[in-house]
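Asker: First the structure, then my questions, so here it is.
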Amino acid sequence: MKTFKKLAGVMVAAALFAANPASADEVVLRAVTAFQPGSFISKPFERFVEKVNAEGKGKVQIDLIGGPSAIPPFEVGNSVSSGVIDMGFVTTAFYTNLLPEGDALKLTERPMQELRKNGGWELINKLHNEKMNVQYLARTGDGLPFHLYVNKPVTKADLTGLTLRVTPVYRAFFEALHANSIQTPPSEVYTSLERGVVDGYGWPLQGIFDLGWQEVTKARVDPGFYQSDVNVLVNLDKWKSLTDDQRAFLNKMADWLESTNAENVALNEAEKKRQADAGMVVYELKGAEREKWLNTAKEAGWAQVKKVAPDVADELRAKLTK
Ligand code: 173
């Protein structure tokens, strides 16, 4: 039986080889993730890479070169754009230098499955194609809100007197509520908190344990706001050089990746419990303060998009929101 299996295996392999003399056509895409490998934010992409490599033999393989130590997070967009790497997993907040309009992605109110039907994805992809020479393959982070984490009490929708670590995701919002802001990559959050350089920071609901931030974080402010966007980008010249079959395969894998966004509902709940178990406090804004918090987030966000991209801001808002 064992021998038979082995033999059958060899025959199948031979048949595959014969049927697919084009295995020389297998393309290997060199990829980098802008987030710590193994971390909550990076994990969906790592699962995607595994699945592509398992199902794409002879067609498409992804060589995940590394994370922030391979390429600084704010350089990943540039690197895909110029073709230094073929694929990047990165949030729009890290490439606003190339695509200021990307600021709109965190403001989506419809899931990607819907944006792929209503022209939203097409518009996003067109902007990525034209302005940064990349194909917008897929988005993770849908259903994962951002939060403010603080070491001082926040009881109102007012951040006067607080200095907060930001990226372009949070800056307009926190500043509209009178905070001071300092931009840093994720790698500098821990020491900024430890040294008291900042009183808090913005980050999604998931992932603060990955870099040990619970050790230097007292509280989370609720409610969360926006939707995370962490995107799979492919250099456009590389994308165009693929065969129809390879592109169709990657698009199918992209649909699968976006279907995993549904897992965020359960992951969010688990993360809240984990934070509570670690002794973190929740400052929950209610009633009018809650309304002001959410409304300021939304309007400051769209005002920023309008400022940097006056020509497409309205079209983006119409397609991406309800
Ligand atoms: O670094 C950040 O806080 C940030 O902008 C971000 C965006 C998406 C997911 C995780 C972090």
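Asker: Go ahead and set up a Gaussian network model of the chain, Cα springs under 10 Å, then flag whichever of LEU98, LEU233, LEU107 fluctuates most.
Answerer: Of LEU98, LEU233, LEU107, the Gaussian network model singles out LEU98 as fluctuating most.
Asker: For the chain, what is the calculated [θ] at 222 nm in deg cm²/dmol (nearest 500), taking -39500 (n - 2.57) for each run of four or more DSSP H residues and dividing by its residue count?
Answerer: Theoretical 222 nm ellipticity from helices: -12500 deg cm²/dmol.
Asker: Now for a separate question. Which whole-number percent gives the relative contact order of the chain, counting Cα pairs below 8 Å spaced six or more residues apart?
Answerer: 24 percent
Asker: Okay, next question. Mind listing the phi-derived Karplus ³J(HN,Hα) values for the range 210-222, rounded to whole Hz, using 6.51, -1.76 and 1.60 with θ = phi - 60°, and x for any glycine or proline?
Answerer: Here the 3J(HN,Hα) series is 4, 10, x, 5, 4, 5, 10, 10, 8, 8, 10, 9, 10 Hz.
Asker: Do you know the relative contact order of the range 139-216, to the nearest whole percent, from alpha carbon pairs under 8 angstrom that are 6+ apart?
Answerer: 40 percent.
Asker: For the chain, with a Gaussian network of springs between Cα atoms less than 10 Å apart, report the residue from ALA254, ALA138, ALA266 with the top mean-square fluctuation.
Answerer: Greatest mean-square fluctuation among the candidates belongs to ALA266.
Asker: Grab the alpha carbons of the chain, take their convex hull, and tell me the volume per residue in Å³.
Answerer: Measuring per residue, one finds 152 Å³ for the Cα hull of the chain.
Asker: Return the carbon/sulfur percentage of the accessible area of the chain, one whole number, probe 1.4 Å, all protein chains in place.
Answerer: Looking at the chain in its full context, I get 54 percent from C and S.
Asker: Taking the C-alpha atoms of the range 220-320, how large are the radius of gyration and the largest Cα-Cα span, Dmax, in Å?
Answerer: 19.3, 55
The values are calculated or read from the model by the stated rules, or taken from the named source; none is laboratory data. Note that the coordinates shown come from a computational prediction; the quantities given were computed from them, not determined experimentally. Heads up: the accessible areas ignore ligands, DNA and RNA and are worked out on the full protein's heavy atoms, side chains in. Shrake-Rupley method; radii C 1.70, N 1.55, O 1.52, S 1.80 Å.
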